[in-house]
1. May I ask you to list the residues in the stretch 153-173 that are surrounded by fewer than 19 Cβ atoms within 10 Å (Cβ to Cβ) and within 13 Å of E114 (Cα to Cα)?
2. Sort through R33, R87, R43 and tell me the only one that's among the charged types (D, E, K, R), within 14 Å of R164 (Cα to Cα) and open to solvent by less than 50 Å² (accessible area, probe 1.4 Å).
3. Among the candidates T125, T106, single out the residue that is open to solvent by 30 Å² or more (accessible area, probe 1.4 Å), farther than 17 Å from E52 by Cα and among the hydroxyl-bearing types (S, T, Y).
4. Kindly list, by first and then second residue, each pair from a residue in the stretch 22-42 that is on the phi > 0 side of the Ramachandran plot to a residue that is part of a helix (DSSP H, G or I), limited to pairs with Cβ atoms under 6 Å and residues at least 6 apart or on different chains.
5. Which of (1) of a type in the set (A, V, I, L, M); (2) more than 17 Å from G160 (Cβ to Cβ); (3) assigned to a strand (DSSP E or B) is the odd one out, the single condition A65 does not satisfy?
6. Which of the residues belonging to the stretch 112-122 are out of contact with any Gly (no Cβ under 6 Å at 6 or more places or on another chain) and open to solvent by less than 10 Å² (accessible area, probe 1.4 Å)?
7. Check off (1) part of a loop (DSSP other than H, G, I, E, B); (2) open to solvent by less than 50 Å² (accessible area, probe 1.4 Å); (3) at pLDDT below 95; (4) more than 30 Å from G124 (Cβ to Cβ) for V76 and give me the number that stays unchecked.
8. Of all residues in the stretch 137-146, which are loosely packed, with under 14 Cβ neighbours inside 10 Å and either within 14 Å of L28 (Cβ to Cβ) or touching a residue at least 40 places away in the same chain (Cβ under 8 Å) (or both)?
Amino acid sequence: MSSEDFTYDAVGATRENVTACPPGFHPLHVRTRLGEGEPVFRRAAEAVLTWEMHRALGVGIDATAPRAAEGVDVTVTLAGMIKAPCRIVWTAEEPRRAGWAYGTLTGHPECGEEVFLVERTGDGTVWLTIAAFSRPAKWYAKAGGPATRGLQTAYARRCGTVLRRLCAAHDAT
């Protein structure tokens with residue numbers, strides 16, 4: 001995959017280490033317990049890989065494929081106004097780990113990479129990890145300063161809450 005379309009140099013840096021943070025970027029790491037067991041893991045993984053979690057958050061998703069895969073372009077629309085174009089840089093679909101990371105493209109208010117990863121630990125606990133490295137790219141993201149990072153953290157926490165609810169609703173049926 002060509003890195004020339006991305007707005008940062010360290011494309012794929014989160015593949016081996018989801019908490020990677022190149023110099024000059026701000027890190028984000030939010031981990032949410034979703035529940036326990038294989039059914040919770042499978043449900044959560046599917047919701048993350050098919051954009052269901054994002055849509056349940058109320059954000060707009062325009063993707064070039066119905067499922068996350070390397071090279072898929074996705075534009076996230078926030079509040080109906082802010083468009084954030086990205087491209088999937090890696091995916092994982094393993095027995096205990098599933099998710100993906102996307103990198104920012106021109107026009108995104110931030111510059112960097114973000115990971116959405118569901119993992120099932122040895123004791124059966126299922127976790128959602130959202131990790132990112134970013135820095136402002138647009139004037140309004142720069143003007144927001146620390147408040148912008150606070151919104152990113154709140155968004156990551158909300159992802160965990162929504163995904164936990166989706167898994168619980170599925171488990172109840």
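The values are calculated or read from the model by the stated rules, or taken from the named source; none is laboratory data. Fair warning: this is a prediction, and the values are worked out from it, not measured in the lab. Quick reminder, even Gly has a Cβ in these numbers, built from the backbone with ideal geometry, and neighbours come from all protein chains shown. Heavy atoms of the whole protein, side chains included, go into the accessibility calculation; ligands, DNA and RNA do not. Shrake-Rupley method; radii C 1.70, N 1.55, O 1.52, S 1.80 Å.
1. Residues satisfying the conditions are T153, Y155.
2. The match here is R43.
3. Testing whether each residue is open to solvent by 30 Å² or more (accessible area, probe 1.4 Å), farther than 17 Å from E52 by Cα and among the hydroxyl-bearing types (S, T, Y) leaves just T106.
4. G35/C167
5. Of everything listed in (1) of a type in the set (A, V, I, L, M); (2) more than 17 Å from G160 (Cβ to Cβ); (3) assigned to a strand (DSSP E or B), A65 misses just condition (3).
6. G112, V115 - these are the residues of the stretch 112-122 that are out of contact with any Gly (no Cβ under 6 Å at 6 or more places or on another chain) and open to solvent by less than 10 Å² (accessible area, probe 1.4 Å).
7. Among (1) part of a loop (DSSP other than H, G, I, E, B); (2) open to solvent by less than 50 Å² (accessible area, probe 1.4 Å); (3) at pLDDT below 95; (4) more than 30 Å from G124 (Cβ to Cβ), V76 violates only (1).
8. P146
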